[in-house]
Structure formats: structure tokens, C-alpha cells
Number of protein chains: 2
Amino acid sequence: MDITALREAHPDHWMRAAAIRALTLDAVAAANSGHSGMPIGMADVATVLWSKHLKFDAANPTWPDRDRFILSAGHGSMLLYSLLYLSGDPQITLDQVKNFRQWGSRTAGHPENFHADAIEMTTGPLGQGIAHSVGFAMAEEMLRARFGKGAMDHHTYVIAGDGCLMEGVSQEAVALAGRYGLGRLVVFWDNNNITIDGEVSLSDRTDQIGRFNAAGWHVQEIDGHDPEAIDAAITAAKAVKDKPSMIACKTHIALGHAAQDTSKGHGALTDADQNATAKDGWGWSYGPFEVPAEIKSWWEEVGHRGAAEREAWDGRLAALSERKQAEFARVFAGEAPKKLSSVIRALKKQNAEAQPKVATRKASEMVLEVVNPVMPETVGGSADLTGSNNTKTADLGVFDTDNRKGRYVYWGIREHGMAAAMNGIGLHGGLRPYGGTFMAFTDYARPAMRLAALQKTPTVFVMTHDSIGLGEDGPTHQPIEHLSISRATPNTLVFRPADIIETAEAWEIALKQTETPSVLSLTRQGLPTLRTQHKTNNLSEKGAYVLADAEGKRQVILMATGSEVSLAMAAREALQAEGIGTRVVSMPCWELFEAQDESYRRKVLPAGPVRVGIEAASRFGWDRWLLGERGREAKAGFVGMHSFGASAPAEELFEKFGITAEAVVEKAKSLL
Amino acid sequence: MDITALREAHPDHWMRAAAIRALTLDAVAAANSGHSGMPIGMADVATVLWSKHLKFDAANPTWPDRDRFILSAGHGSMLLYSLLYLSGDPQITLDQVKNFRQWGSRTAGHPENFHADAIEMTTGPLGQGIAHSVGFAMAEEMLRARFGKGAMDHHTYVIAGDGCLMEGVSQEAVALAGRYGLGRLVVFWDNNNITIDGEVSLSDRTDQIGRFNAAGWHVQEIDGHDPEAIDAAITAAKAVKDKPSMIACKTHIALGHAAQDTSKGHGALTDADQNATAKDGWGWSYGPFEVPAEIKSWWEEVGHRGAAEREAWDGRLAALSERKQAEFARVFAGEAPKKLSSVIRALKKQNAEAQPKVATRKASEMVLEVVNPVMPETVGGSADLTGSNNTKTADLGVFDTDNRKGRYVYWGIREHGMAAAMNGIGLHGGLRPYGGTFMAFTDYARPAMRLAALQKTPTVFVMTHDSIGLGEDGPTHQPIEHLSISRATPNTLVFRPADIIETAEAWEIALKQTETPSVLSLTRQGLPTLRTQHKTNNLSEKGAYVLADAEGKRQVILMATGSEVSLAMAAREALQAEGIGTRVVSMPCWELFEAQDESYRRKVLPAGPVRVGIEAASRFGWDRWLLGERGREAKAGFVGMHSFGASAPAEELFEKFGITAEAVVEKAKSLL
């Protein structure tokens, strides 16, 4: 690559971009780890995008109508930190850049949205940025339709690498963006032909242009080091309103460095001599972390460029009706409406009386029928299981190219893409997504579900068909370990409600979260109403509670969740008939129970009585409750699954796998 | 659709295919559940494929050189069961068909490979069939190159639906098949334009032809109800040797039924009148489950068609050298070579003496360096982290279009596709795959890892960078819940070896499995050799064992895995110095420990002493060991992670998260 020619062709641009390259080299060298090549390769694209197109106001990184910039290739985090520092972000200071990848700094190895306001999302696991960006762009469309162009009118820009495009989730994202005509989504493909193992051709020969075209995208190919071509391509992409745009940027990884165009260039370039030589070649003669005032102030002007636009936006927002303004403020604050609790309470009261026998997936629909009308920010959907997940209520309308006000999304058979896009909708702000698939397909959505937890997005995952109660579809569709998977994940609430009342309570809790995703594990099969005495309080909020206490001396505690709580109640009846005092504890949410103080937990689960846990799932994780927090507390047993499931009618499966009231009685008696 | 015209155009073909359609209607009606539409829609394609092209011998369903038939759209299982019954498979009898989806029958809701020899793999979770098929086709290429065309010379046929093609993993599979020029892979796309939620266009407008072309496939479009077109397309697909083939078959779901071309047609068609009308339209006037003798015997001839070919193959195999024959038999039996144990023992002995401080990922490479030369059936690989996963040894050679003997696969950034294809390689038989990624990206590979366990494929997942010991890359790359995820999964061995000796033992165990996948959880950071006294026995085989016993009165048991075992040893030293007798139990594999008899478990973990578990991961699942199997056994504590990780140098992270020898000492003392 002829660096001199590049420098001479656009000398001002070159030096502005070189600041990113130099900061990257310096920060990676100081940390002695990180990824140098991508920021160096994409500095030109980023410089043009940020200085000429990106709508942002560095001093107000959470301005709702900013353009969203998503670094899907998150390992190139120094690109983002350089841009933020240079443009005057108040949180990403020079000290932060110097402390790249160190304990307590905002400049983590990969961008973490909880470390700085300007970081839209956590990236690093490849493909997630591009997949989440579909949600960001959908949210913009939805909110523009609701609040008008004056309040919401921006673009979503993504930088994705070969890794992002090889990950399967990218196909789900690309297909969704094409299907829904997300014209304000612009993806830059860092086409540098290098992965960690070597040249891309080692493992991939996909014609990405053809692939994106096949999904209905507007596609351009440019030299990613030519600022005029970059500018023109972005302008052209913005002009196409009905298709998402992909700009294939031919770049050189680690441009101008000895490691240019090699997989070595992908990683940490820490050789002092090579780095010095690279800087010389770039014409960068400044000390480590030094940016000349002229260049820094140009970048700071870039950071201020959006201030006027933001102020104009303030004015337009103020011109909305007071009701609209209040609504806008509420939904962007992620606050549930006051009416939520009252409609939930009314539903609980009504059903404590009516005592329907309904599957909790159906109960969930009944909850949504009262919630969606009072919570216009909800966005529902399903990965092609709408009728099975019971996620669609009549009032939502269907999101489509000609109905941006629609609140229901047909995600197709794309659990992973759905989960990622839901997170993106939530992270954008102003909307609260929920979406469904079968509980067993948690597996497909996992990478995005973990990100929801890590990046503090209160997405609600509606996971129905939550056990062998699914029946004939058999073991591929029957979750066994999936409750464990979500329960073992930090910052995740896992609800397995026992009846319609607990289902309503679970939804209320989930919809009030601002930083924690929820998994609702719901049955296919009908369950009786157990909470027949109406309580205004949300009992599920404590995670576990005494549903029925022992009569006489308390000898046994049965602990169960979801469909097995009614089974515990039947077992209790049998045990009490034999004079064995038996308490039933319903445990709809372990994480909330864990969060209670010890005195409450001990009140619910006192030491002494025999304990039997009942759940049509793996025992894994149950011992924490069965054996007592301190050990030495109780003799205990478990009635549940010890293998994968099987294909047969549901009732027969419970029988064959020994998950019955009789088995519970027997287990309890064997321990006494 | 004009059924009469179809009938009249090819009357013989029509009735043979109608047998599949009628059996499907009858079986689904009897089960009152299942999926009728797909088998009815794809009956023509399947009839032509099985009768004119598929190389199989119904009486010998495990014949190694058979063509593989993979029903990726597994919900259409009655298509497969009908074909097997009709063609005379000895296991799928008429009784089995009548017991569709019932307890104990071979005819599960979705095809399960452990229920019948002729079922190549378990399908149902969408996209898995097409993704596994890449491995089946790779295995054929590899084995043909090794054993010659006389021994191995077949095709892999796949039926995939829109669901399969929407799942992201399909893109990984399609790109891999294109990249590696898998010319003997033929995928039929059941292009029926219907998903569960409605028409495909509701959620997808991808030009699949363009998409497959972009990945380097040979693509054809045909009328999926025209037997001549189907035949010609298969012939053309087979003629293309250097590209995989996709045949887009325009079909009508539930052809000729009232539910034709609707999403209702996807599910269980159980309306007796509608079914009768459909059968009338098909010209099928027989009773339930009745197939006229003429049609049945035609199908049985189809089933016998391959017998001569199989016999000829027997002859060709017998003509190979004795050594080759023995090798062929051994690798297809999945037996490890006798030399495996001796090279492992030698490596253990050598390193018990040399006592290197190496990361277990590096130790794993050292093991592979002695194993790969004596186990020619191993196939290594990595999802673009070859240098980090340490999965490539010098002797393997790289699998490519011009080197089918290569034993190392560059999978690209495709953890899911890699895991699925590895399973496919293993299921094909004759090869033993292993492959690596970062432990945190278990998430991406999960659906295929679960299938490995369910369908009893002994794939080895080499998961490196197994804790916060990964360091600066931060929380997205640091596993917390991933040990729990794999441990909670049935039929999965999860190894977290403490040093090079345990790493060698783990590999030995993993490579001897025939029905159980293994997860090797390996460190990035160096670990001292702890097993400095050589034992010929594989101590890890018991899952947990006493690494160092208490001196004096046994007051404390420290239980740890992987990198935390050396930390436990340091804590033991400190405790012993204070006169507190402390045992250290290394627990490299919980599942194997669980499988021991109780007396061994109690010998290792006697009741009484305080127990402290130490693992740089979630506590989830630990209580089963900490609190004792019966409860009332021990006071216990845990030193590990209680949140996501962070970005910083590894040593600092262990310090900041309180996973240190000092913390262990303190915890133990607080419990005494």
C-alpha cells in the first residue's frame, strides 16, 4: 500500500484519521494486549462517518434522537474509544484511553455499554452488533411513526467485520433487515480479507455482495481508504429509503504497519520499532497519546457539530402536546405506567375468583391482553410460533413496511436474530420488547440472552412448552437443562409460574425491570388456579413463598415451580391424610428469593423438616435449596428429570418419568 | 392444484408417492398430533430420490458406504418413517407406524437416531440437519481419500424447509459446503412458501437461489411434483463434482388436502372428513394404514435395489490389505487404538518428571501431538482460533478441495456450524472429530452441543480460555455459567483438568467414548504440574480424587477444578501451617464422580469436615457436592464468581474477584 499517496491525496483527512491510528497503537502497546489492526484499517471510514454524517452531540451522548453507532467488530474497541476521546466525550478522557483494558477503566477490552453512556451496546461476541442493530433500526421506525419525524429521525450505522458476517446470526439479521425494509440502517463491511487464522479465503469464499443483494439490500463497493468515496457512499446509502444499505469497504488491516494485510495485524501490535516505523510512515511525529491541538480541536468541533441539531430537537419535542411529551419521557426512562399494577391486580382478582384451568402460556396471553393496551411501549413477537407462544394480542397490529405503528413482529424462524433484535429495540430506548419461542430453543437464542443480562437490557423472553409437558414432539423440543442455563446466568430473572396468578405477577415484575432481562418459562398444558385467595400484594416478588402450610407438626416441605406446584399440592393432600404435616412452597423465581434477607428465606424454608424438590427438569442447582444454605439443615430428595425426555403424550411422560404426586409422597416418606 | 392432472401424468409414480401421503395422514390422525403437510408435499421428491438414486440396502441400514439421507425438516418425520416402512426396513414395521409418537415406539415425533439404525441423525431443531450434513459430506470426502473409492463413494442428501434456511446456522453450513466444494452434498429445499405463522413472505423475502449462488453452490429450480424434473435435477446435481447442489423444489404443502398451501397444513391434519376427501382426490381408496401389495412390493424392491451394490462393496473391501480392512473396521466401530493408552501413559510419566508450568490449552496440544499420530481417525479444527485453542498439530495437514486427506479444518468464525459439522463427521462413522473455540462461545455452539449429547455422538469440544483467567478481553469472553450449562446437560462429560497430567487423562477418556460427547474446559494461563508422582492409572476416570490428604486431624476439605486446584493446594499449605488438617480433592469431571458407587464418593468426601468449593465460575450446581448428597453432612462455603467478569489482566481479576488462596483460607476458617 502506498501510504504516501494516500497522505498526499487528502492531507487533512489523513492526519485526522491518523490520530485514531496512533492512539490505537499507543493504547494497545500500553496495555500489551488488544486489537490494533481493525481501528487502523477502518480509521478512514470512521473519520468520514463521524465528521460528515453521524448525528451526535458529544456532550449529550444519551440524546434520544442521536444516530446510533454500533461497533459490531467489538474487538476493535480502540476505534470507538479514539473517536469518543477525540470528539470530546465527557467520560472517555485521555486517562481512560491510557488505561485501556485495565481494572476499573471505562475502556474495557471490548466496548461495554455500562461503562460509558456513548457506548450503545456491548459488543465482542461476533455478529451481535449487526443483529442488535436490526432492533435499533426497527425501534427508530416504530417511534418515528408514533411520535413523528420531529421527535425521531435518525440512522443506525454499524461496522462489521468478516467475523460478524460469517456468524450465522448475521444471516438472520440481514434477512430481517431486508424483509422489513430498514432504510436507515447502514452497515459498513470492513472487507480486509483477514481473520485470525489467516486470509478469509482459508475458510470462506462467500460473495457477500451477492448475499446481501439476495436479501434485498442496497449494496455498494468502495475503497475504504478514499474519503471521497466513503462520503459519497454514505450519502447514497442515506438516499435509499426503502432498503438497508451495505457498504463493502475494501481496507487494509493494520494499514502501513509491518503487519499490514496479515493475521498478525489483527491482534496486539506491540513491537516498539515496528510501531515507530508505522507512525513515521503515517507522518505522525508526536509522542505517545499526543494529539496536536489543531487536530484535537477539529475533532472537538465534530463533537459539537450536533449541538445545534440537538437544541432544535429540544424545541420540536417541546412543541409536542404535553401528553405526548410526558409519554416520550416516560418510555425513554423505561418506567412502567402507573396503570400496570392496577390492571394486573384486577386480573388477579378476577381469576382468583374464576379459577380457570389454563396453560401458563395462555395465562400469559390473558395478561398481555390487559397489559398491552395500557403499555403502548411493548413490542411483541415470536420466532414463527405465534399461536403456540400466545404472544400476540388483538390490539398490537403487525409491524411491516407499510405499518410502522405495528407492535407485533413476525420474526420468522430466527430465535437468535429475534433475541438480538429485541435487545436492540430495548437498548434504543422508548420501547419494551418481548418475544417467544419454545423453552428448548433457549439454546438458539443463548448468545443474545447472555448479552441482555450483561448489558442490562430488560428484554422479556417468553419461553413456552417448558418441560416434557410438551408431549409428542419429543426430546429435541423438551427442555431439561434450560432452567439451569438461565438460572446460572448472572443478572437474569427466571420465572416459572404455577398458575395464572403467578403468571400475572411474573409479568408485572418483568415489566418493571430496567436493567435485568426475564425468562418466563410457561407450560403448554393446562394448570389449575392455585392462588384462589386474592392478595393485592405480588407474592412472587419475594421469589418463593408458603402456598399452603402444614397442618399439625411440620414434617415435610415440598418445594416446586410451575406445573409441579399443583402436583406438590396433591402430594400434600395425601401426606396430610396420613397425618404428615406438609408445607408447600412455591418458588416462581429463585433469583428473587435469593435476594431476600436470610430471615425471610429461613421463615419459608426452616431447618428441620424433610425437603423434597419437584421440577420436571434437571436437579442441577436444586441442592442449594434442598440441602439448606448452611448445610446440615435437612434431609432432602428430588423428583424430576434425570435424562432427556421422550416422545409420547404428556400425561404418559410424567407417569413414565416418575413425576407424580405418588412419587413425591413416596420420596417424602422414605426420608422421614 | 390440479391433482387429477398430476395423477394422470405419472400414474404409477403417483400411487407410490400417494402411499407416503396416506400413511402420513393415517399416522398423524391416530396420534392426534404431528406434522402432515411436509411429507405430503415432499412425497414426490422423496419417491424419486429413494427409488432412482439413493444408494441403500434396507436390510443393512448401517452399511458404511450407503448414501446418507437427512431429514433436516425433522417435523416431517412421517416422510422418513413411511419410506422406511415401505422399503422394508426391519425396524420400522407397520406396528411402529401405527404407534407414531407413542411411548416406547421407534417412530418418535421427530426422528431420533437412537431409535432406529436407518435414522442417520436426530433432527427437529431446525437447521441442524443441513448443518450436520456438511460434516457427513466432509467425512465421505476424507474417507474416500484415505480408503479409496472402492470403500467409500457415496452422496449425502438433505431435505430442508424454509425453517432450516432461515436459521442462522444454515448460512454457516452453506458457506462451509461452498468453500470446501462438497460436490456430493445435495440439498432439496422444500419451497412450499408456508411457515407456522403464515406465508413465508410474512417474515422472509430472501432470494434463496441468489443466496446459495453467492456461496458457490450449483442451484436448480424445479416443480417438486414432477417426477421427471426431480429425476433430471438429481442427475444433474450428481454430475457437478466440485460444488454442492441445491435443488429448489416448488411444492404444495399438504397437496390435495383442504389445508393445502396454508399454515394449517403444516401441522396435524386430523379432520376425518377432510382426510377422506383428500384421499379420494389422490385416488387412494384403501383403509387406514393399508398399502396395496403391488405398491408395497414395488417399494420393497426399491429397498432391495442396493443389495447387489452392497455385496459388490463387500468384495471391494475384502480386496483391501488386511491392515486397511482392520483399520476400516476399527474406525467404523469407534474403537480407540490400543496405542492410545500407552502414548498417554508415556506423556504422563514424562511430564510428572518434567513438571512444566503450562496452560491446559497448551497441555492439550502436547497431548494431541502424541495422540494424532497414533489415531488417524481424529479430525481437528477450530472456529478461527487455531493458535489460541492449540488444536492443530504439525502432522494433520489441512483439509481442502485439493487435499481431502487433510485432517485439520479451518471452520471460520462459525462455532455453531463447526459443532454441527463435527457431529456429522462423527455420525457418519470412521472419524473422530474435535474442535475448539473459547469456552464462552459454548453459547454459539449450544444447539449442536445438545444434539451431540442427545444423539450420542462422542464429539470433543475443546473450550479454551475457561474463566476470568482470559484477562483483558473482558466479560463477553469470560465464561461464568458455561460449566453449569454443560454440566446440566444430560450425557455430557465436562472436564476441567488441573494440570497437564489431568489434561492427558481427560483426553484419553474423551477419546474412548462411543456415545457421549466431552467438553474440555482449558485455561489460557499457565498452571503448575500438580501430579508430580506418576500413576499409570487414569485417576480422572473416577471424576474426583484425593490429590493431597490432610496431615493430622481432617478438619477441612477443599474441592476444586482446573486452575483453582493449584490455588487449593496453596491454601492447604497455609491451613496446614496453622495446624488445620486439610484435604484437597481435585474434581476434573463431576459426571464421572457421580457415576461412581456411593462408597467411593464418601471415601473422597467423608461427612464431617468443613467443605470449601473453589472454581472461578458460578456456584450454580456446586451445592450438590458442598452440602453432601444426603444433606446434614457438612458446613460449606464457596469461593468463585458471583457476577460477570471484567476487563483487566488476569492476575488482577482473580485478586479483585476474591479468588485467592487467602480467601480460601479465610472461608475455611470462618466455617470451623
**Request:** Specify which of the listed residues (B:TYR157, B:TYR180) is away from chain A (no Cβ under 14 Å) and crowded, with 24+ Cβ neighbours inside 10 Å.
**Result:** B:TYR157
**Message:** Scan the stretch B:72-85 and tell me whether some residue there is surrounded by fewer than 21 Cβ atoms within 10 Å (Cβ to Cβ), in the same structural domain as B:GLN220 (by the TED database) and on the phi < 0 side of the Ramachandran plot.
**Reply:** no
**Asked** Which one of A:GLU327, A:GLU335, A:GLU311 is surrounded by 16 or more Cβ atoms within 10 Å (Cβ to Cβ), of a type in the set (Asp, Glu), more than 18 Å from A:ALA394 (Cα to Cα) and modelled with pLDDT of 95 or more?
**Response** A:GLU327
**Request:** State the number of residues belonging to the stretch A:203-237 that are touching a residue at least 60 places away in the same chain (Cβ under 8 Å) and either within 11 Å of chain B (Cβ to nearest Cβ) or touching a strand residue (DSSP E or B) at 6+ places or on another chain (Cβ under 9 Å) (or both).
**Result:** 4
**Message:** Being under 19 Å from the mean Cα position of the chain (by Cα) and either within 14 Å of another protein chain (Cβ to nearest Cβ) or closer than 29 Å to A:LEU385 by Cα (or both) is true for just one of B:LEU79, B:LEU71. Which residue is that?
**Reply:** B:LEU71
**Message:** Residue under question is A:ILE234, and the condition is that it be surrounded by 20 or more Cβ atoms within 10 Å (Cβ to Cβ) and either over 27 Å from B:PHE399 (Cα atoms) or at pLDDT 95 or above (or both); does it hold?
**Reply:** yes
**Message:** Need a quick list: helices (runs of 4 or more DSSP H) entirely within the stretch A:1-66 having at least 3 residues that are within 21 Å of A:VAL187 (Cα to Cα).
**Reply:** A:37-48
**Message:** So B:ALA229 passes all but one of these: (1) surrounded by fewer than 24 Cβ atoms within 10 Å (Cβ to Cβ); (2) within 24 Å of B:GLU8 (Cβ to Cβ); (3) within 30 Å of the chain's Cα centre (by Cα). Which condition number does it fail?
**Reply:** (3)
**Complete:** Checked the stretch A:441-472 for anything under 22 Å from A:ALA616 (Cβ atoms), facing another protein chain (nearest Cβ under 8 Å) and in a helix (DSSP H, G or I); matches are A:PHE441, A:ASP443, A:TYR444, A:ARG446
**Number of positions in the stretch B:38-70 that are of a type in the set (Phe, Trp, Tyr) and within 20 Å of B:LEU126 (Cα to Cα)** = 1
**Message:** Given the criteria in the same structural domain as B:ALA276 (by the TED database), of a type in the set (A, V, I, L, M, F, W, C), in contact with a strand residue (DSSP E or B) (Cβ under 9 Å, 6 or more places away or on another chain) and surrounded by 20 or more Cβ atoms within 10 Å (Cβ to Cβ), does B:TRP14 qualify?
**Reply:** no
**Request:** Could you list all residues from the stretch A:82-123 that are among the hydrophobic types (A, V, I, L, M, F, W, C), within 12 Å of another protein chain (Cβ to nearest Cβ), within 15 Å of A:ALA30 (Cβ to Cβ) and in contact (Cβ under 8 Å) with a residue 40 or more places away in the chain?
**Result:** A:PHE100
**Prompt:** Restricting attention to the stretch B:380-415, and to residues there that are within 24 Å of B:ARG146 (Cα to Cα) and hydrophobic (A, V, I, L, M, F, W, C), which single residue is farthest from the other protein chains (Cβ to nearest Cβ)?
**Reply:** B:ALA394
**Item:** Which listed residue, of A:GLU415, A:GLU508, is surrounded by 24 or more Cβ atoms within 10 Å (Cβ to Cβ) and acidic (Asp, Glu)
**Value:** A:GLU415
**Asked** Only one of these conditions is not met by B:ASP271: (1) touching a residue at least 60 places away in the same chain (Cβ under 8 Å); (2) away from chain A (no Cβ under 14 Å); (3) acidic (Asp, Glu); (4) surrounded by fewer than 18 Cβ atoms within 10 Å (Cβ to Cβ). Which number is it?
**Response** (1)
**Item:** Pair list, Cβ < 6 Å and 6+ apart or interchain, from the stretch A:384-401 residues that are under 19 Å from A:ALA445 (Cβ atoms) and assigned to a helix (DSSP H, G or I) to residues that are at pLDDT 95 or above and not acidic (Asp, Glu)
**Value:** A:THR386/A:LYS392; A:ASN389/A:SER382; A:ASN389/A:GLY436; A:ASN389/A:VAL462; A:ASN389/A:THR464
**Request:** Filter the stretch B:589-601 for residues that are within 28 Å of B:LEU522 (Cα to Cα) and either out of contact with any strand residue (DSSP E or B) (no Cβ under 7 Å at 6 or more places or on another chain) or surrounded by fewer than 24 Cβ atoms within 10 Å (Cβ to Cβ) (or both) and give the result.
**Result:** B:TRP590, B:GLU591, B:LEU592, B:PHE593, B:GLU594, B:ALA595, B:GLN596, B:ASP597, B:TYR600, B:ARG601
**Complete:** Matching residues in the stretch A:419-438 (over 23 Å from A:ARG66 (Cα atoms) and either surrounded by fewer than 24 Cβ atoms within 10 Å (Cβ to Cβ) or facing chain B (nearest Cβ under 10 Å) (or both)) number 1
**Prompt:** All but one of (1) part of a helix (DSSP H, G or I); (2) surrounded by 16 or more Cβ atoms within 10 Å (Cβ to Cβ) hold for A:ASP280; which doesn't?
**Reply:** (2)
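The values are calculated or read from the model by the stated rules, or taken from the named source; none is laboratory data. Everything quoted here is computed from the prediction, not taken from an experiment. With ideal geometry, Cβ positions are generated from the backbone for all residues, glycine too; neighbour counts draw on all protein chains shown.
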